[in-house]
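The values are calculated or read from the model by the stated rules, or taken from the named source; none is laboratory data. Quantities reported herein were computed from a predicted structural model and do not represent experimental measurements. Neighbour counts are summed over all protein chains in view; Cβ atoms, including those assigned to glycine, are modelled from backbone coordinates with ideal geometry. Just so you know, the surface numbers come from the protein's heavy atoms only, side chains and all, with ligands and any DNA or RNA stripped out. Shrake-Rupley method; radii C 1.70, N 1.55, O 1.52, S 1.80 Å.
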Amino acid sequence: MNESIMTSSSSLHESESGVCRDVDVVVVGSGLAGLTAAQSLKRGRSSTSTSSLSSSTTSGKGIGGGDSPPSVVILEAHDTHIGGRVRQVEGLVPWPVEAGPEFIHGGSRSVLKALLDEYHLETDEHDWPDKFWFEKRMPLEKRWVVDPESDETIQKADALFEHMYSETSSVDSSILEYLRRRGEPQDIIDIAESCYANDFGTSLDKMGVFEISEEARHWSYDEKYLVVRESLGELVSKLKEGLDIAMGCAVANIIVRDDDDKDANKRKIQVQCTDGRCFMCDQVIMTTPHSTMRTNNVRFSPPLPEEKSQAVQKVGMGDAIKVFLVFKERFWPKELFDVICPGAFVPEMWITKHTPTKSASQCAKGEHMITCFLAGKAAEAARAVSSKEELVAKCVAQLDEMFRQGNAPPAGTMSSANPATEYLVASHVEDWAVVPYIRGAYTYPSAYAAGARMWLSASTHNGRIFYAGEATNANGNPCMQAAIESGHRAASEIMLRRCPPRQKL
């Protein structure tokens with residue numbers, strides 16, 4: 001049996017299912033939301049809360065209250081990995097490659113950017129989208145658009161989305177339905193599919209007008225695209241310091257005792273894991289990926305309220321595949337960052353570099369890498385090919401077409417008939433649909449799901465079970481900072497329950 005990362009002093013006692021560990025709060029999941037929530041509880045407050053937490057109005061310093069920080073344990077289903085969807089792959093290039101999220105969306109008022117600054121993790125800013133490449137555009141010399149603001153079709157697509165953000169119709173619809181209802185041509189739909197839907201990890205027929213409008217109205221982080229110079233694993237390493245994390249502890253059942261039980265010395269919640277470990281606690285914070293809630297991997301007793309269950313099904317979990325291609329020579333322009341490819345097999349690709357590490361450098365296959373990102377329908381098409389080798393071949397073939405001599409690639413491109421094929425030395429495919437305990441990318445603005453995220457964020461079981469994670473944040477693009485914000489919120493809700501503000505006389 002795997003032991004906790006940090007030895008806890010919490011007690012053990014007998015329960016219906018055997019010996020259980022006694023703790024104030026159980027956090028389920030060690031992603032960014034779970035780590036943030038645990039750190040906030042460990043400090044005895046939420047860093048986003050401005051409420052004064054008074055201990056004098058609690059029932060005492062025992063179970064469920066007190067003027068000291070609660071005891072907290074994080075239960076992580078994975079045997080070895082902490083960080084949830086933040087994960088790295090080594091052995092490709094001289095730095096750890098981000099298998100999951102890697103971009104910070106916006107720098108102003110971002111709790112993620114504030115954390116990076118606190119831990120002295122520097123970032124580089126990029127323009128997004130950088131360039132466009134149209135597979136079906138003729139003549140060939142018009143396929144590349146190095147200045148998106150100069151292209152009338154791209155500008156029209158952007159203007160459509162700006163208009164959509166202020167949509168106030170009483171009837172929700174998918175964005176594909178919205179565009180077709182307006183009679184938009186296929187080239188506009190292709191741009192929207194590759195630039196907007198793919199970025200959200202889904203397809204236009206699943207994205208909702210209301211949810212994307214709601215996200216836009218609450219967006220307050222500016223439009224910067226930031227990349228951490230070091231691996232995001234460094235952030236996870238900082239966040240997990242000092243926390244009590246039980247590894248290989250997949251939760252199976254959460255049982256809440258009847259409130260009629262008046263014994264103040266009894267914990268109200270029992271958390272049972274698949275390996276037989278169990279925990280007795282006063283509150284639980286669920287931070288697992290949305291796929292876990294959608295597939296009912298965790299059973300609640302009493303069951304979740306119907307409104308919560310319906311909201312879980314209304315909000316969709318995106319699908320994404322990353323294909324990493326490593327080359328012995330750089331054949332693209334030196335300053336190239338990101339390319340949107342409307343109508344192509346690979347809708348988007350980018351080039352990022354991070355600070356080299358000794359371990360990654362020792363086993364690196366090359367120094368130049370392109371990341372191909374396929375989500376939604378593109379991910380479905382990628383998964384439909386016969387093998388990973390064929391998937392890599394299709395990505396390489398598109399790069400050959402994009403940068404081939406004679407096809408008018410951007411200035412600075414190395415002249416070659418099939419440059420990607422010629423210089424390819426290694427590849428790696430990361431399919432998030434099959435990653436254990438994740439089973440997907442991230443949630444997206446879903447059609448016919450207006451208001452559902454408010455239900456996802458609401459506590460249940462008489463304020464004993466709380467919820468965090470990017471899916472529960474209605475005010476931000478489903479991303480890392482949304483997860484961190486939700487972790488602070490859940491911690492604040494628990495501290496307010498444990499130590500309500502002193503009432504004014």
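Points worth noting:
- Some residue of segment 121-133 being buried (at least 20 other Cβ atoms within 10 Å of the Cβ), farther than 30 Å from I484 by Cβ and more than 20 Å from the chain's Cα centre (by Cα): yes
- Hits in segment 22-46 - residues which are modelled with pLDDT under 95 and either part of a helix (DSSP H, G or I) or open to solvent by 60 Å² or more (accessible area, probe 1.4 Å) (or both): K42, R43, R45
- Within segment 214-227, the set of residues being part of a helix (DSSP H, G or I) and either buried (at least 21 other Cβ atoms within 10 Å of the Cβ) or of a type in the set (D, E) (or both) comprises E214, E215.
- Set I465, I438: member being open to solvent by less than 20 Å² (accessible area, probe 1.4 Å), within 18 Å of the chain's Cα centre (by Cα) and not polar (S, T, N, Q): I438
- Qualifying residue in segment 479-496 (condition: within 12 Å of the chain's Cα centre (by Cα) and either open to solvent by 30 Å² or more (accessible area, probe 1.4 Å) or closer than 26 Å to D258 by Cα (or both)): no
- Test: residue in segment 372-383 that is of a type in the set (A, V, I, L, M, F, W, C), in contact with a Gly (Cβ under 6 Å, 6 or more places away or on another chain), assigned to a strand (DSSP E or B) and modelled with pLDDT of 95 or more: yes
- Scanning segment 265-315 for residues that are open to solvent by less than 60 Å² (accessible area, probe 1.4 Å), assigned to a strand (DSSP E or B) and more than 15 Å from L75 (Cα to Cα) returns F300, S301.
- For segment 318-342, a residue qualifies if it is touching a helix residue (DSSP H, G or I) at 6+ places or on another chain (Cβ under 7 Å) and either within 16 Å of H368 (Cα to Cα) or at pLDDT below 95 (or both), and the qualifying residues are D319, V323, L325, F327, K328, E329, F331, W332.
- Residue count for segment 316-345 satisfying the condition of being of a type outside the set (F, W, Y), within 30 Å of S416 (Cα to Cα) and part of a loop (DSSP other than H, G, I, E, B): 11.
- Filter result for S203 (buried (at least 20 other Cβ atoms within 10 Å of the Cβ), closer than 30 Å to L121 by Cβ and within 19 Å of the chain's Cα centre (by Cα)): no
- D261 passes every criterion in (1) modelled with pLDDT under 95; (2) outside any loop (DSSP other than H, G, I, E, B) apart from (2).
- Residue that is surrounded by the most Cβ atoms within 10 Å (Cβ to Cβ) [pool: residues in segment 102-116 that are out of contact with any helix residue (DSSP H, G or I) (no Cβ under 8 Å at 6 or more places or on another chain) and hydrophobic (A, V, I, L, M, F, W, C)]: F103
- Some residue of segment 333-345 being crowded, with 22+ Cβ neighbours inside 10 Å and either more than 30 Å from F134 (Cβ to Cβ) or of a type in the set (V, I, T) (or both): yes
- Scanning segment 187-200 for residues that are open to solvent by less than 10 Å² (accessible area, probe 1.4 Å) and out of contact with any strand residue (DSSP E or B) (no Cβ under 6 Å at 6 or more places or on another chain) yields a count of 3.
- Within the option set E162, E184, E211, being surrounded by fewer than 18 Cβ atoms within 10 Å (Cβ to Cβ) and part of a helix (DSSP H, G or I) holds for one residue only, E162.
- With respect to the conditions (1) over 22 Å from E470 (Cα atoms); (2) at pLDDT 95 or above, V315 lacks only one, and its number is (1).
- When each of S237, S173 is tested for being surrounded by fewer than 20 Cβ atoms within 10 Å (Cβ to Cβ), at pLDDT below 95 and not aromatic (F, W, Y), the lone residue that passes is S173.
- Residues of segment 388-421 that are without any contact (Cβ under 8 Å) to a residue 40 or more places away in the chain and either touching a strand residue (DSSP E or B) at 6+ places or on another chain (Cβ under 9 Å) or buried (at least 16 other Cβ atoms within 10 Å of the Cβ) (or both): E389, D400, R404, N418.
- Contact map, segment 224-237: first residue closer than 13 Å to P101 by Cα and aromatic (F, W, Y), second residue at pLDDT below 95 and part of a strand (DSSP E or B), Cβ cut-off under 8 Å, separation 6 or more or different chains; pairs are Y225/F103; Y225/I104; Y225/H105; Y225/E125; Y225/H126.
- Test: T355 is open to solvent by 40 Å² or more (accessible area, probe 1.4 Å), touching a residue at least 24 places away in the same chain (Cβ under 8 Å) and in a loop (DSSP other than H, G, I, E, B): yes
- The lone exception for I370 - which of (1) open to solvent by less than 10 Å² (accessible area, probe 1.4 Å); (2) hydrophobic (A, V, I, L, M, F, W, C); (3) in contact with a Lys or Arg (Cβ under 8 Å, 6 or more places away or on another chain) it fails: (3)
- Listed by first and then second residue, the pairs linking a residue in segment 209-220 that is under 10 Å from M164 (Cα atoms) to a residue that is hydroxyl-bearing (S, T, Y) and open to solvent by less than 20 Å² (accessible area, probe 1.4 Å), with Cβ atoms under 8 Å apart and 6 or more places separating them unless they lie on different chains, are V209/S173; V209/S174; V209/Y178.
- Taken over segment 136-159, the residue count meeting the criterion of being under 21 Å from P185 (Cα atoms), charged (D, E, K, R), part of a loop (DSSP other than H, G, I, E, B) and open to solvent by 70 Å² or more (accessible area, probe 1.4 Å) is 1.
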